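**Q** Dropping the structure in here first, questions after.
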């Protein structure tokens, strides 16, 4: 089992793999994805993954066989494990706990070579529903405090497998970046009695400069302080702190704007690697709590620039592309022939 | 001039380049370093960089000609510029300021193909002295609050030029990561009346598990909550908050342990790309202030793993190499034949 360790200065947690016997040569400097031709996420290889936790499949097809559309399994090499009791201990001035949590893979599609732009809207809706279901399910586990759902697409974005998939990691502590976002949003709320994300939605719709697309329930935009060129956020226009409370009608609009956002990035940037991350409220109560000050959203970050010493040391980012210009390119991206 | 913009939620600053006319195709997805053969940092090309701000050169050689050993120039494509008045403005709920600051390049050596392991100790001492001198000089500028000195080595670590160099960026705000470190260290001090870094030094010297090397003034170690495999910190054994107050005798010991740290990483990991970052106290007073609670140090991070969605979203890091194992390999790295 892995170990969670806390940096004693900045309260940053790391997950340390504790199995012994690794050699320095196991960390290849420029190791590329091994393309063995075998994919554990394709039809027919269901027995090469841990069993299904949740699945959407054709009626009548047995579990862990072909016939599924979206399939959730435990990660075969989990960063955190769901079995065991949470144990917090000290080591002198240091704090650690055992690596309790959950690490799941959401296999978005049986088609190995597709990504979001090729998915039909029904598939994207199903994937987005499964996200909400998994959060609602893991929330029942009293040891857990947060679920992070993310998608790494392309090797430069950290994807180790080509087959389209999302990941879910649930942690027994509220992660630092999540706490920062909650604290910042709460500060704004305490000062103004308004949600900062609702303020952003209002201001962006008013000016339009950074709006990429708007539909009935959602807004996609390039944020004012974008860290990365063409960074795109998708924000619900109505206030909601918890993604898992999303309604059926909203999911179809979310699927549409998410698909378009990726189509636009692909059109403007020729299929860039990207990370996308769901930011939602933590499990900080055992009752169905919502927050007036927090507002769930997706952040999509194309990986076009490298993070280096300055960014690591300061938390500042240098972005060579003004978000107003990026939004303009993304609005016009359908003229590149990708049409939607 | 660039623009500093603040994220309204998490108070994260970004530097946005404001020159217009960039095309999406300017952001090549997997663009490699252009190896044109021409290097502006080599002997004979001194007129291809902005003029020298500070230099160590052979007596009698004229400025901006060959004969130098270490040369500091303004960055030709600065993220922040030193000319102008600092102007803070709002844009609805958003805050921004113009891109005032400093962005300098410290050309560590005239030798294009060398890195720290090939430098003699005198050169490393000179480079480390120049760091201290530049901080002391920029501190006189009342508009500035912080100097970040860092070194990106290798393309994967964000180095855009091969020639060995360090960089310096001075910012008109105290960066978020620096504030976090100061706040965390202050919290520990308020609770215990001891510096957390001094506590780390004591505990690590006591156990020895994560010690890589120790000399008269410095300790190099793999931190308890290492984010990256083989992450190495160099910490002064005696308390000191401000790097620029380093003494002559200390610099020689720092040069020795820094050289060995990089030699060890190169030996164990076959010349990995790396970032190294000087963490020192900000300019938060106009008098020679030192802090009882803060302690300057270097952090060296070999780039062996990719940062992906999970790390971006949570601030958690997944480190597959226990620091105790990494320290053991680094202590023994001289048996790889690199000897020091």
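The values are calculated or read from the model by the stated rules, or taken from the named source; none is laboratory data. Source: prediction; values computed, not measured. Every residue, glycine among them, receives a Cβ derived from its backbone with ideal geometry; neighbour counts consider all protein chains shown.
**Q** Give the residues of segment A:218-240 that are surrounded by fewer than 20 Cβ atoms within 10 Å (Cβ to Cβ) and out of contact with any helix residue (DSSP H, G or I) (no Cβ under 8 Å at 6 or more places or on another chain), sorted by residue number.
**A** A:238
**Q** Another question about this same structure. Considering only segment B:184-210, state which residues are within 26 Å of residue B:282 (Cα to Cα) and more than 8 Å from chain A (Cβ to nearest Cβ).
**A** Within segment B:184-210, B:186, B:187, B:189, B:190, B:191, B:192, B:193, B:194, B:195, B:198, B:201, B:202 qualify.
**Q** Mind listing just one residue for me: the one in segment B:16-41 that is out of contact with any helix residue (DSSP H, G or I) (no Cβ under 9 Å at 6 or more places or on another chain) and within 7 Å of another protein chain (Cβ to nearest Cβ) and, of those, modelled with the lowest pLDDT?
**A** Applying the filter and picking the extreme gives B:18.
**Q** Taking residue B:230, is it farther than 25 Å from residue B:308 by Cα, at pLDDT 95 or above and either within 14 Å of another protein chain (Cβ to nearest Cβ) or over 16 Å from the mean Cα position of the chain (by Cα) (or both)?
**A** no
**Q** Looking at segment B:57-91, which of its residues are part of a strand (DSSP E or B), surrounded by 14 or more Cβ atoms within 10 Å (Cβ to Cβ) and within 14 Å of chain A (Cβ to nearest Cβ)?
**A** Within segment B:57-91, B:81 is the sole residue that qualifies.
**Q** Might you check whether a residue that is closer than 30 Å to residue A:226 by Cβ and free of Cβ contacts under 8 Å to residues at least 12 places away in the same chain occurs anywhere in segment B:57-65?
**A** Checked against the condition, which is being closer than 30 Å to residue A:226 by Cβ and free of Cβ contacts under 8 Å to residues at least 12 places away in the same chain, segment B:57-65 yields no hits at all.
**Q** Quick one: how many residues across segment A:154-165 are crowded, with 18+ Cβ neighbours inside 10 Å and at the interface with chain B (Cβ under 9 Å from one of its Cβ atoms)?
**A** Residues that pass the stated criteria total 5.
**Q** Kindly check whether there is at least one residue in segment B:211-219 that is within 9 Å of another protein chain (Cβ to nearest Cβ) and within 21 Å of the chain's Cα centre (by Cα).
**A** no
**Q** Criterion first (without any contact (Cβ under 8 Å) to a residue 40 or more places away in the chain, under 29 Å from residue B:177 (Cβ atoms) and part of a loop (DSSP other than H, G, I, E, B)) does residue B:50 satisfy it?
**A** yes
**Q** Given the residues A:149, A:116, which is the only one that is within 14 Å of chain B (Cβ to nearest Cβ) and surrounded by 22 or more Cβ atoms within 10 Å (Cβ to Cβ)?
**A** On inspection, the qualifying residue turns out to be A:149.
**Q** Which one of these is under 16 Å from the mean Cα position of the chain (by Cα) and more than 13 Å from chain B (Cβ to nearest Cβ): A:133, A:104?
**A** Residue meeting the stated conditions: A:133.
**Q** With respect to the numbered conditions (1) touching a residue at least 24 places away in the same chain (Cβ under 8 Å); (2) crowded, with 24+ Cβ neighbours inside 10 Å, which one is the sole condition not fulfilled by residue B:310?
**A** (1)
**Q** Continuing with the same structure: Checking the conditions here, which among B:88, B:145 is closer than 18 Å to residue B:169 by Cβ and in contact with a strand residue (DSSP E or B) (Cβ under 8 Å, 6 or more places away or on another chain)?
**A** Only one candidate qualifies: B:145.
**Q** Does segment A:115-124 hold any residues that are touching a helix residue (DSSP H, G or I) at 6+ places or on another chain (Cβ under 6 Å) and either assigned to a strand (DSSP E or B) or more than 19 Å from residue A:275 (Cα to Cα) (or both), and which are they?
**A** The one that is touching a helix residue (DSSP H, G or I) at 6+ places or on another chain (Cβ under 6 Å) and either assigned to a strand (DSSP E or B) or more than 19 Å from residue A:275 (Cα to Cα) (or both): A:121.
**Q** So which of B:176, B:192 ends up being out of contact with any strand residue (DSSP E or B) (no Cβ under 8 Å at 6 or more places or on another chain) and either within 22 Å of residue A:12 (Cα to Cα) or surrounded by fewer than 21 Cβ atoms within 10 Å (Cβ to Cβ) (or both)?
**A** B:192
**Q** When you go through (1) more than 13 Å from every other protein chain (Cβ to nearest Cβ); (2) touching a helix residue (DSSP H, G or I) at 6+ places or on another chain (Cβ under 9 Å) one by one for residue A:247, which number turns out not to apply?
**A** (2)
**Q** Shifting gears a bit: Quick one: residue A:181 ticks every box in (1) over 16 Å from residue A:239 (Cβ atoms); (2) surrounded by 19 or more Cβ atoms within 10 Å (Cβ to Cβ); (3) at the interface with chain B (Cβ under 10 Å from one of its Cβ atoms) except a single one, so which number is it?
**A** For residue A:181, the exception is condition (1).
**Q** Can you pull out every residue in segment B:234-249 that is out of contact with any strand residue (DSSP E or B) (no Cβ under 7 Å at 6 or more places or on another chain) and either outside the structural domain of residue B:215 (by TED's automatic domain parsing) or assigned to a helix (DSSP H, G or I) (or both)?
**A** B:244, B:245, B:248, B:249
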